[in-house]
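Structure, as structure tokens:
The values are calculated or read from the model by the stated rules, or taken from the named source; none is laboratory data. Being a predicted model, the structure only gives us computed values, none of them experimental. Methodologically, a virtual Cβ is constructed for each residue, glycine included, from the backbone with ideal geometry; neighbour enumeration extends over all protein chains shown.
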Amino acid sequence: MFEGFYRITFTGHFGSGFGVLVFQAGVIAGADVAGAVFDGTYTEKLATYVVDFQVTMNAPAGITPVQTGVPIAVPISLPINGSLLKNEIDSDVPTLLETPLGPVNVLFKKIRDLP
């Protein structure tokens with residue numbers, strides 16, 4: 001099962017960062033070190049070992065997105081959608097996500113299962 005706590009590390013054209021996500025019962029919640037908060041949903045396709053997700057990143061004014069390197073003047077909400085192959089978890093191969101601000105490579109590492 002995909003549920004659990006995950007560490008994410010991500011890199012864009014102008015920087016990198018890290019955060020934590022929780023996947024539980026189809027819901028995603030998390031935050032990153034810059035202060036962005038992630039809320040969304042996911043669906044597991046058991047037959048193909050694919051997890052599809054839809055997340056909204058809510059970022060406060062003043063953070064510098066890794067995609068642009070330019071601090072944002074006002075809070076923003078960005079949709080981020082993607083698919084993750086289960087064999088990409090805990091691998092050293094990043095998942096490329098296209099965001100409204102530009103591409104980001106993300107590594108997903110499972111920290112632990114849910115209690």
Consider residue 91 against the criteria (1) closer than 22 Å to residue 2 by Cβ; (2) in a strand (DSSP E or B): it satisfies all of them except one. Which criterion is unmet? (2)
Of the criteria (1) among the β-branched types (Val, Ile, Thr); (2) surrounded by 15 or more Cβ atoms within 10 Å (Cβ to Cβ); (3) at pLDDT 95 or above; (4) over 10 Å from the mean Cα position of the chain (by Cα), which one residue 51 fails: (3)
So, first residue of a type in the set (A, V, I, L, M) in the range 12-36, second residue exposed (fewer than 13 other Cβ atoms within 10 Å of the Cβ) and part of a loop (DSSP other than H, G, I, E, B), Cβ within less than 8 Å, six or more apart or across chains; the pairs are 22/114
Subset of the range 78-95 [modelled with pLDDT of 95 or more and loosely packed, with under 12 Cβ neighbours inside 10 Å]: 79
If we keep just the residues of the range 1-38 that are β-branched (Val, Ile, Thr) and over 17 Å from residue 104 (Cβ atoms), which is surrounded by the most Cβ atoms within 10 Å (Cβ to Cβ)? 22
How do the pairs read when you match residues in the range 63-89 that are in contact (Cβ under 8 Å) with a residue 24 or more places away in the chain with residues anywhere that are of a type in the set (Asp, Glu), using Cβ under 7 Å and keeping only pairs 6 or more apart or on different chains? 83/52
Of the residues 104, 51, which single one is farther than 16 Å from residue 12 by Cβ, β-branched (Val, Ile, Thr) and in contact with a Leu (Cβ under 6 Å, 6 or more places away or on another chain)? 51
